[in-house]
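Please read the structure below before turning to the comments.
The values are calculated or read from the model by the stated rules, or taken from the named source; none is laboratory data. Computed from a predicted model, the values in this text were never measured in an experiment. Note: ideal-geometry Cβ built from the backbone for every residue, glycine included; neighbour counts use all protein chains shown. Areas reflect the complete protein model, heavy atoms only, side chains present, ligands, DNA and RNA absent. Shrake-Rupley method; radii C 1.70, N 1.55, O 1.52, S 1.80 Å.
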Amino acid sequence: MYDLSSLPDSCRMHLSSRTSSTLLFLSFPKTPAPALVPKASSSSSPARAASNAPPPPDGAGPAAPSRGDRFLGSQLAAEAADRVLAPEDAERRRRRREKRKALARKPSGAACYGCGAPLQTAEEAAPGYVDPATYELKKRHHQLRTVLCGRCKLLSHGHMVTAVGGHGGYPGGKQFVSAEQLRERLSYLRHEKALIVKLVDIVDFNGSFLARVRDFAGANPIILVITKVDLLPRDTDLNCIGDWVVEAVVKKKLNVLSVHLTSSKSLVGITGVISEIQQEKKGRDVYILGSANVGKSAFISALLKTMAYKDPVAAAAQKYKPIQSAVPGTTLGPIQIEAFLGGG
């Protein structure tokens, strides 16, 4: 028996009777559990409580920025960034334009292997002229790189045919190119990855030095080659000449990898230049630069002749060498020569 008199009136009683037993079920009303509120410490203050509270969102509620305000703010920030970065971006764009213009001057068509002038059939008095029938025949058989222009044929037979403007010109009166035009054509070189071999005439060192070589060589490494040392007196001490050249180069503020004294006629020093080129080439093309009549064509012939003993590509290249002439300005443009095993 259970005494229910002590239960409150709010309790409900459910009785269920069965034959075997009597079960009593009690159900109480559900009351929500009291919320736990942390007891504030006596040391806490309203200021500290305010500082510990999370910061309200910027411009929440009625003070929230409108969509137009946010757009205006982003525009002002972009304009401020443009004002800071504008000079740098303008300089970068200028350099890109200059590079594109320079690379556009790089010769891409067929050129005379004797002087480097682009081949053409329209104007007989202009550089690179080839008879139209010969041109079409060579073009059909993909042999334009073996074509010699009419002017080079005259030079090869001893005719005095000048090329640089102001020095006479072609027999027909055509003035070819000036030194500044040649510099302009070579301006693409500063944007190429190349090895520069700069030639200087020992007999006219200052006159053939090309002080502005960095204008078109850029930051490419330079090997300095002194030519025509065979013209010096026999008892000349080449070691003293080498020391003098190094001192002169330092005074001219030109950084070079090395200095070589050579003679294309007697092949003195040519082997050392070839060894230096092979060591420093590193997959790059080699450009041989020099002023008029410094001996570029003769140096290339000596280079190919010495390399031909071990390099079959150089041996084959000897058949189509640049024209050698006593006339200043024989070369009119870059002449491409396949001279190395593996290309270049």
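Tell me, what is the percent relative contact order of region 186-318, built from C-alpha pairs under 8 Å that lie six or more residues apart? Write down the numbers at each step before the final one.
Numbers: 197 pairs, mean separation 40.7, N = 133.
Dividing the mean separation by the residue count of region 186-318 yields 31 percent.
Considering only Cα-Cα distances, which of the following residue pairs are longer than 32 Å: 193/253; 153/251; 153/198; 228/252; 253/296; 228/310? List each step's numbers first, then the result.
Details: 193/253 22 Å; 153/251 42 Å; 153/198 27 Å; 228/252 21 Å; 253/296 23 Å; 228/310 25 Å.
Beyond 32 Å: 153/251.
For region 273-337, compute Rg over Rh where Rg is the Cα radius of gyration and Rh is the Kirkwood radius from the inverse mean 1/r over Cα pairs.
Numbers: Rg = 12.3 Å, Rh = 12.8 Å.
Over the Cα atoms of region 273-337, Rg/Rh equals 0.96.
Grab the beta carbon distance between residue 266 and residue 136, set R0 = 51 Å, and tell me the FRET efficiency rounded to 0.05. Each step should come with its number before you reach the end.
Working: r = 43 Å, r/R0 = 0.85.
Result of the calculation: an efficiency of 0.70.
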Report task. Roll a 1.4 Å probe over the protein chains and send me the accessible area per residue for region 203-344 in Å². Result -> 52 Å²
Query raised in the report: So, in nm, how far is label residue 154 from label residue 318 when the simple model puts each one 7 Å beyond its Cα toward the Cβ?
Result: 3.1 nm
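Can you tell me the FRET efficiency between residue 234 and residue 214 if r is taken as the Cβ-Cβ distance and R0 is 30 Å, rounded to the nearest 0.05? It would help to have the intermediate numbers written out before the result.
Numbers: r = 36 Å, r/R0 = 1.19.
Step by step, r from the Cβ atoms, then E = 0.25.
List the equivalent ellipsoid semi-axes of region 186-318 in whole Å, largest first, each obtained as the square root of 5λ for an eigenvalue λ of the Cα gyration tensor. Could you put the intermediate results ahead of the total?
Values: eigenvalues 92, 84, 32 Å².
Semi-axes, largest first: 21, 20, 13 Å.
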